[in-house]
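Following: one structure in structure tokens, then a few remarks.
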Amino acid sequence: RLAHQARLLGQWNYACRVSTTRIPLWDNARFLAITLVVLGHALTKTTAATDSAYVLYTVIYLFHIPLFVFLSGYFSSADAPTLKRLQSVLVDLLLPYLIFESIWSIIQSVNAGEFLFNPLRASWTLWFLLSLAAWRILLPYIALVPFPLVVSTAIALLSGYWSVDQTLSLSRTLAFLPFFVLGWRARNWGVGEWWLSRSESTTKWMRVGGVVALAAIVTVVALNVERLREAGFRKLLTADMSYADAGFEQWFSGAGRFGVFVIATLMIAAFVVLTPRRMTWFTALGGATMTVYLLHSFVLAPLRQTEILSGAVSWWHLVLVVLGSIGLTVVLAQPLVARVFSLLTRPTWMLTSTRIPAP
């Protein structure tokens with residue numbers, strides 16, 4: 001056992017020293033997380049008429065956005081901003097946002113028969129690019145604040161009491177900030193190093209706990225579908241509006257968001273312990289999450305206007321939606337797709353010849 005732990009720890013330390021080495025655990029987690037994002041978007045218009053779809057959607061939305069934000073924070077630095085880091089934010093996030101927001105604006109203008117373009121309000125999935133840019137820029141300053149996780153959580157809870165809308169994705173930026181800070185803190189605490197150094201016997205029991213936790217949450221959601229529908233619980237998960245605008249006008253509405261935070265954190269922990277630590281068939285695909293994120297909506301958007309991804313669906317139809325979402329993620333994560341669309345997803349050509357660091 002000691003030899004096994006030493007070997008795993010050695011692999012971790014080597015990966016930290018050699019920047020070109022990627023750790024399978026986190027690439028596996030990235031791929032699984034982006035798959036949940038695609039599946040969640042595929043299920044959205046089936047939830048109103050299908051309880052099973054509502055259960056699956058609710059379970060996914062309880063933690064998949066916090067998970068994606070957590071992983072982003074885990075690999076972010078709180079060091080003083082440098083020119084290269086700011087250029088990376090520009091090339092990886094802000095310029096792709098402007099490009100894809102322009103594309104969506106053209107599509108929406110054609111459909112509406114009038115010119116529609118408002119870069120201050122992100123179309124559909126593009127809000128994440130604005131929020132991630134804000135989190136990365138703000139992190140060095142957040143790190144200077146005492147108890148940054150507590151402070152960011154307080155900001156997230158209090159922001160729901162004001163009518164903060166989706167202009168520049170401000171509502172979600174504030175609401176999901178604690179998970180970005182949590183990811184950054186988790187790396188500082190050595191959570192990944194600790195987990196990778198655990199023996200197989202230890203991980204086995206922790207994975208059993210992860211399965212039990214997720215199963216319990218699924219069961220609770222499944223047994224309370226009607227209550228959750230009536231309460232408008234779904235609006236609490238997306239965090240794209242104030243409590244009052246979402247129908248939660250009580251003074252203690254912040255407690256509901258905090259409860260969701262607690263559940264999401266538990267589910268993130270369960271997800272990480274259940275994610276394979278070794279190389280898998282999808283490990284290499286984990287580095288293409290941004291390509292998948294930017295492109296999958298162009299496939300799903302037209303399908304959501306048809307009965308394929310809307311209205312009541314049978315159990316076998318739901319299974320096909322799940323399998324199709326996995327297949328779409330795999331296809332879009334292929335290296336060839338990343339190369340073909342790289343001019344749009346990472347437009348280094350829009351800057352000067354200054355070398356831009358790889359993400």
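Touching a residue at least 60 places away in the same chain (Cβ under 8 Å), open to solvent by 60 Å² or more (accessible area, probe 1.4 Å) and more than 19 Å from L129 (Cα to Cα): is that true of W315 in this structure? Yes, satisfied. Among residues of region 194-210 that are on the phi < 0 side of the Ramachandran plot and modelled with pLDDT under 95, none has a Cβ under 8 angstrom from a residue that is part of a helix (DSSP H, G or I) and surrounded by fewer than 12 Cβ atoms within 10 Å (Cβ to Cβ) at a sequence gap of 6+ or on a separate chain.
Under the condition of being part of a helix (DSSP H, G or I) and surrounded by fewer than 17 Cβ atoms within 10 Å (Cβ to Cβ), the residues counted in region 331-341 number 6. Regarding A231, is this residue within 17 Å of the chain's Cα centre (by Cα), of a type in the set (G, A, S) and at pLDDT below 95? Here the answer is no, as A231 does not meet what is asked.
Do we have D92 as charged (D, E, K, R) and open to solvent by less than 50 Å² (accessible area, probe 1.4 Å) here? Against the criterion (charged (D, E, K, R) and open to solvent by less than 50 Å² (accessible area, probe 1.4 Å)), D92 qualifies. Checking each residue in region 208-228 for being within 22 Å of the chain's Cα centre (by Cα) and more than 25 Å from A246 (Cβ to Cβ) picks out G210, V211, A213, L214, A215. Tallying residues that are surrounded by fewer than 19 Cβ atoms within 10 Å (Cβ to Cβ) and not in a loop (DSSP other than H, G, I, E, B) within region 233-252 yields 3.
Among the residues that make up region 293-307, is at least one of them on the phi < 0 side of the Ramachandran plot, part of a loop (DSSP other than H, G, I, E, B) and aromatic (F, W, Y)? Within region 293-307 (the criterion being on the phi < 0 side of the Ramachandran plot, part of a loop (DSSP other than H, G, I, E, B) and aromatic (F, W, Y)), the answer is no, since none of the residues qualifies.
Note on region 272-286: among residues that are in contact with a helix residue (DSSP H, G or I) (Cβ under 6 Å, 6 or more places away or on another chain) and assigned to a helix (DSSP H, G or I), the one that is nearest to P24 (Cα to Cα) is T283. Within this structure, L196 fails the test of being over 30 Å from L126 (Cβ atoms) and loosely packed, with under 12 Cβ neighbours inside 10 Å. Among the residues making up region 32-64, a single one is more than 27 Å from E307 (Cβ to Cβ) and either open to solvent by 20 Å² or more (accessible area, probe 1.4 Å) or among the β-branched types (V, I, T) (or both): L32.
For region 69-77, the count of residues that are within 30 Å of L223 (Cα to Cα) and either open to solvent by less than 30 Å² (accessible area, probe 1.4 Å) or part of a helix (DSSP H, G or I) (or both) is at least one.
The values are calculated or read from the model by the stated rules, or taken from the named source; none is laboratory data. All figures in this text were calculated on a predicted structure; none of them were measured in a lab. Because the Cβ atoms are built from the backbone with ideal geometry, glycine has one as well, and the counts that use them run over all protein chains shown. What goes into the accessible areas is simple: the full protein's heavy atoms, side chains included, and nothing from ligands, DNA or RNA. Shrake-Rupley method; radii C 1.70, N 1.55, O 1.52, S 1.80 Å.
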